[in-house]
Every structure is written in C-alpha cells, then in structure tokens.
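*Asks:* Have a look at this one.
The values are calculated or read from the model by the stated rules, or taken from the named source; none is laboratory data. Nothing here was measured: the structure is a model prediction, and the numbers come from that model. So basically every Cβ, Gly included, is an ideal-geometry build from the backbone, and we count neighbours across all protein chains shown.
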Amino acid sequence: MQKLETSLPGVWELRPNTHSDTRGYFVETYHAEHFAELGIEDTFVQDNHYYSVHGTLRGLHYQLRHPQAKLCRVLEGIALDVVVDIRRGSPHFGKTAVVLLSAELRNELYIPVGFAQGFLAFRGPAQFLYKCSALYDRTEEYGVAWNDLDLAIPWHFANPIVSAKDAGFRRLKDILEKTPHDLPVYGD
C-alpha cells in the first residue's frame, strides 16, 4: 500500500497493491494492521455504498458529535472526491484537497475526523463506497455549501445534480460567524 500526501495534512490518498493475471485481479482494500502501520488506527464500523448517475454531486457532509473518519473508494467509474478542513482554529481552515478516485486505478482516500467531504460522479455513473468510524446519525447531519465561492472548489462541472438538502447548506464563513458551535474544534 502506497500512502500519498494531499494538500491537507492527515488526508491521504492510498494506492493498494494489485495482483493481476489472465483471470483478473486481486486487491486488498483494507487490513487493520497494515493501515495502523501507515498511521491509520481508526476502527471502521459502517460501510456505505452510493450509486450516482453522471453529474451527481453529494456533499459537503460531516457529523459533529459523532464525527466520522472515512475511507473512500470507487467501484465503478470516476469520482471527484473533495475534502474541506472545517476545524475551528486549524491552520488549514477552509482549505481543500481534491482527489480523483477511479475504479481503474483502485485508489482510496483516507479522511480523518474534522473534515467535510463530498464527491461528484465525474465521468459516467459512479459507485462510491466508504467506510466510517462512527455510525450514521440522522440528527448529526451537517454540511457546507458545495458551491461556496470562498472555498473555490474546482468541480469542473457547471450544473451538477444536487439534492434539496445539499443545496440548502450554508457557506463555511456563515457557519463560522453565526453558529460556530456547528463546527468541530482543531485539536479535539
């Protein structure tokens, strides 16, 4: 497993070893001991699987009181995965990391707690799978506007398909100014 730094410290792109022959391939996408050797010691308790048609954008999501570290990958297609540091007091607050995840490359993205995350089905449909370190809690749904101009996220897509919930999220600056308790704190 190869660990690649992104523009956000602690957010890593992972490239697992693939064993291929005439029958196909085998790839180990998660192994607790090997991940611990890389510095990823989260215990993952839930898997989520999205199927999204071309141009669907989901996010930018996070949970506050039950924060989730995530391990994301794509089983079909290509997804533009976006991570935003939303931790109050972080030296990287409001900064983003963008990684193309593809079924062909079989790469993964590790996202620690304290970050908002979203993705776009970039070319054709995408099956997006991710592990979470905490269970989903509907009362914990928070989000940041996917089109927040201050974040300047390069989605490379003019009019994505977005749910009403995701379209209603506020800009990060507005959350920080009006309801700062709705953001995690750096170092917690």
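*Asks:* Restricting the first residue to region 147-169 and requiring it to be within 17 Å of Y62 (Cα to Cα) and at pLDDT 95 or above, which pairs with a second residue that is in a loop (DSSP other than H, G, I, E, B) and not polar (S, T, N, Q) meet a Cβ separation below 7 Å and a spacing of at least six or different chains?
*Replies:* Pairs that qualify, where the first residue is within 17 Å of Y62 (Cα to Cα) and at pLDDT 95 or above and the partner is in a loop (DSSP other than H, G, I, E, B) and not polar (S, T, N, Q), are D148/R171; L151/G94; V162/W146; D166/W146; F169/A145.
*Asks:* Here's another thing I want to ask about it. Which of the following residues is of a type in the set (V, I, T), crowded, with 19+ Cβ neighbours inside 10 Å and at pLDDT 95 or above: V83, V53?
*Replies:* Testing whether each residue is of a type in the set (V, I, T), crowded, with 19+ Cβ neighbours inside 10 Å and at pLDDT 95 or above leaves just V83.
*Asks:* Could you tell me which of the residues R73, R106 is within 10 Å of the chain's Cα centre (by Cα) and touching a residue at least 40 places away in the same chain (Cβ under 8 Å)?
*Replies:* On the way: R106 fails: within 10 Å of the chain's Cα centre (by Cα).
Going through R73, R106 in turn, just one is within 10 Å of the chain's Cα centre (by Cα) and touching a residue at least 40 places away in the same chain (Cβ under 8 Å): R73.
*Asks:* Something else about it: Residues of region 55-100 being in contact with a Leu (Cβ under 7 Å, 6 or more places away or on another chain) and on the phi > 0 side of the Ramachandran plot, which ones?
*Replies:* Scanning region 55-100 gives a single hit, G94.
*Asks:* Going through region 109-137 one residue at a time, which ones are more than 15 Å from the chain's Cα centre (by Cα) and more than 28 Å from A32 (Cβ to Cβ)? Step through it out loud before you land on a result.
*Replies:* Looking only at region 109-137, we keep the residues that are more than 15 Å from the chain's Cα centre (by Cα), and these are 123-125, 135, 137.
Correct list: R123, G124, P125.
*Asks:* Of all residues in region 170-188, which are in a loop (DSSP other than H, G, I, E, B), in contact (Cβ under 8 Å) with a residue 60 or more places away in the chain and surrounded by 15 or more Cβ atoms within 10 Å (Cβ to Cβ)?
*Replies:* Once the filter is applied, which keeps residues that are in a loop (DSSP other than H, G, I, E, B), in contact (Cβ under 8 Å) with a residue 60 or more places away in the chain and surrounded by 15 or more Cβ atoms within 10 Å (Cβ to Cβ), region 170-188 yields L183, P184, Y186.
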